Amino acid sequence: MSGRGKIVTVTLNPAIDKTVTVESFQYGGLNRIKSGRTDAGGKGINVAKVLASFRMNVSAIGIAAGYQGQLVRDMLKDQSIPCYLLEAAGDTRVNLKVVDESTQQTTEINEPGFYADGELLEQFKEHFITNMAGASLLVLAGSLPPGTPPGYYGTLINLARKHGVDTLLDADGEALALGIEAAPLVIKPNIHELEVLMGQRLESLQQITRAARSLLSRGIRYVLVSMGENGSVLVSQEKAVRASPFPITPLSTVGAGDSMVAALAYSIMMEKTAEEMARWTSAAGTVTASKPGTEVCTMSEIEEAIHKVELTEIMER
């Protein structure tokens, strides 16, 4: 692929992310907000924002509803990110993120989102096909709105393939399991999502690698497993590499996974090696985790930090 190609991100259940900071969260008590911010959110939209900051050709498509949905459109327009969100009945969800300064923990309270009926989802398929023209890579990320069949991501992956477009899938539960059946190019489960998929605990790097490798036999080329402070594992047919992040003071994990997905999409477009992918994704997630609230990594910060990421080849026993 060429870095000049277009990336299309899909967010079927976008959100207004309201992030507030409190000094010390009191469960069941009064909490006074020290600071707050409001952002257009949803995984695909977050990925598009990071890619836009990387100067990539990216557009965000999906479904939105009501006043909050228009806010999402307006915020993306303000950031000069092309955005094509089909209108649904109801209202786009609001997700509240409470950042506790004393513990550096974030509590998330997410609404389910508007209801997506069969007619709306058929309309979106037509909207989706139109946006595949000229695309080089598709990113499917985040939750499905209520009413959406769990196999819908698989449907979109197959439609994209018919138009010569590869897919990066970041989902969980049944949406991930059924999406895998359509053989996307790459998937990015976290360790908990991979354990659910495999139906077992994965307690060693070898177990994680074997689980990821079992998915490659279904036509997937790369599996990136994120493990929080324990780093990540990237598995391809040729090798398995563990990336160990550099030490940071974690301020917020919000957006770290989406930053990894954006760096993964960037790496695919720029035809980077598996080792380079592992470094870029680890650096992106780590830099973002070192920032407060919903702030995410920049290209220059990744380039400055990338040499600090340690890579270890995982030898399977």
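The values are calculated or read from the model by the stated rules, or taken from the named source; none is laboratory data. Here the structure is a predicted model, which means the values were calculated and not measured. Here the Cβ is made from the backbone with ideal geometry for all residues, glycine too, and neighbour counts use every protein chain on show.
Considering segment 293-312, and only residues there that are polar (S, T, N, Q) and in contact with a strand residue (DSSP E or B) (Cβ under 6 Å, 6 or more places away or on another chain), the residue that is surrounded by the most Cβ atoms within 10 Å (Cβ to Cβ) turns out to be T294.
The number of residues in segment 98-112 that are part of a loop (DSSP other than H, G, I, E, B) and either touching a residue at least 40 places away in the same chain (Cβ under 8 Å) or over 24 Å from the mean Cα position of the chain (by Cα) (or both) comes to 5.
One residue alone among S252, S290 is at pLDDT below 95, in contact with a Leu (Cβ under 9 Å, 6 or more places away or on another chain) and either of a type in the set (A, V, I, L, M, F, W, C) or surrounded by fewer than 24 Cβ atoms within 10 Å (Cβ to Cβ) (or both), and that residue is S290. Taking residues in segment 284-296 that are in contact (Cβ under 8 Å) with a residue 40 or more places away in the chain and within 23 Å of L96 (Cβ to Cβ), and partners anywhere that are of a type in the set (K, R) and part of a helix (DSSP H, G or I), the pairs with Cβ atoms closer than 8 Å and at least 6 places apart or on different chains are V296/K49. Pairs are defined by a Cβ separation below 6 Å, a sequence spacing of at least 6 or placement on different chains, a first member in segment 243-266 that is closer than 19 Å to S143 by Cα, and a second member that is assigned to a loop (DSSP other than H, G, I, E, B); the pairs so defined are V254/T294; G255/T294; G255/V296; S259/V296; S259/C297; V261/K188.
Would you confirm, using the coordinates I've provided, whether V94 is surrounded by fewer than 24 Cβ atoms within 10 Å (Cβ to Cβ), touching an Asp or Glu at 6+ places or on another chain (Cβ under 8 Å) and assigned to a strand (DSSP E or B)? Against the criterion (surrounded by fewer than 24 Cβ atoms within 10 Å (Cβ to Cβ), touching an Asp or Glu at 6+ places or on another chain (Cβ under 8 Å) and assigned to a strand (DSSP E or B)), V94 qualifies. Of all the numbered requirements in (1) part of a strand (DSSP E or B); (2) at pLDDT below 90; (3) not hydrophobic (A, V, I, L, M, F, W, C), E229 misses one, and that requirement is (1). The set of residues in segment 1-28 that are out of contact with any Lys or Arg (no Cβ under 7 Å at 6 or more places or on another chain), part of a strand (DSSP E or B) and closer than 21 Å to T167 by Cβ comprises K6, I7, V8, T9, V10. Considering segment 29-53, and only residues there that are part of a loop (DSSP other than H, G, I, E, B) and at pLDDT 95 or above, the residue that is surrounded by the most Cβ atoms within 10 Å (Cβ to Cβ) turns out to be N31.
All told, P184 falls short of being on the phi < 0 side of the Ramachandran plot, without any contact (Cβ under 8 Å) to a residue 40 or more places away in the chain and part of a loop (DSSP other than H, G, I, E, B).
Scanning segment 242-267 for residues that are among the β-branched types (V, I, T) and in contact with a Lys or Arg (Cβ under 9 Å, 6 or more places away or on another chain), we see that the one that is farthest from T9 (Cα to Cα) is V254. Pairs meeting the criteria (first residue in segment 223-237 and within 13 Å of R213 (Cβ to Cβ), second residue of a type in the set (A, V, I, L, M) and part of a loop (DSSP other than H, G, I, E, B), beta carbons under 9 Å, at least 6 apart or on different chains) are V225/L202; V233/M227; V233/I314; V235/I314. Once segment 70-91 is narrowed to residues that are among the aliphatic types (A, V, I, L, M) and in a strand (DSSP E or B), the residue that is surrounded by the most Cβ atoms within 10 Å (Cβ to Cβ) is A88. Just one of the listed residues (G179, G147) is touching a Phe, Trp or Tyr at 6+ places or on another chain (Cβ under 7 Å), in a helix (DSSP H, G or I) and not basic (K, R), namely G179. Would you please name the residue that is surrounded by the fewest Cβ atoms within 10 Å (Cβ to Cβ), looking only at residues in segment 113-144 that are without any contact (Cβ under 8 Å) to a residue 40 or more places away in the chain and outside any helix (DSSP H, G or I)? So, considering only residues that are without any contact (Cβ under 8 Å) to a residue 40 or more places away in the chain and outside any helix (DSSP H, G or I), the one surrounded by the fewest Cβ atoms within 10 Å (Cβ to Cβ) is A133.
Residue by residue, here is whether (1) surrounded by fewer than 18 Cβ atoms within 10 Å (Cβ to Cβ); (2) in contact with a His (Cβ under 6 Å, 6 or more places away or on another chain); (3) free of Cβ contacts under 8 Å to residues at least 40 places away in the same chain; (4) not in a helix (DSSP H, G or I) holds:
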{"residue": "L159", "(1), (2), (3), (4)": "yes, no, yes, no"}
{"residue": "T167", "(1), (2), (3), (4)": "no, no, yes, yes"}
{"residue": "A175", "(1), (2), (3), (4)": "no, no, yes, no"}
{"residue": "H192", "(1), (2), (3), (4)": "yes, no, yes, no"}
{"residue": "E203", "(1), (2), (3), (4)": "yes, no, yes, yes"}
{"residue": "Q206", "(1), (2), (3), (4)": "yes, no, no, no"}
{"residue": "A211", "(1), (2), (3), (4)": "no, no, yes, no"}
{"residue": "L215", "(1), (2), (3), (4)": "no, no, yes, no"}
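Taking segment 260-296 as the range and being in a loop (DSSP other than H, G, I, E, B) and over 26 Å from V165 (Cβ atoms) as the test, the residues that pass are S290, K291, P292, G293, T294, E295.
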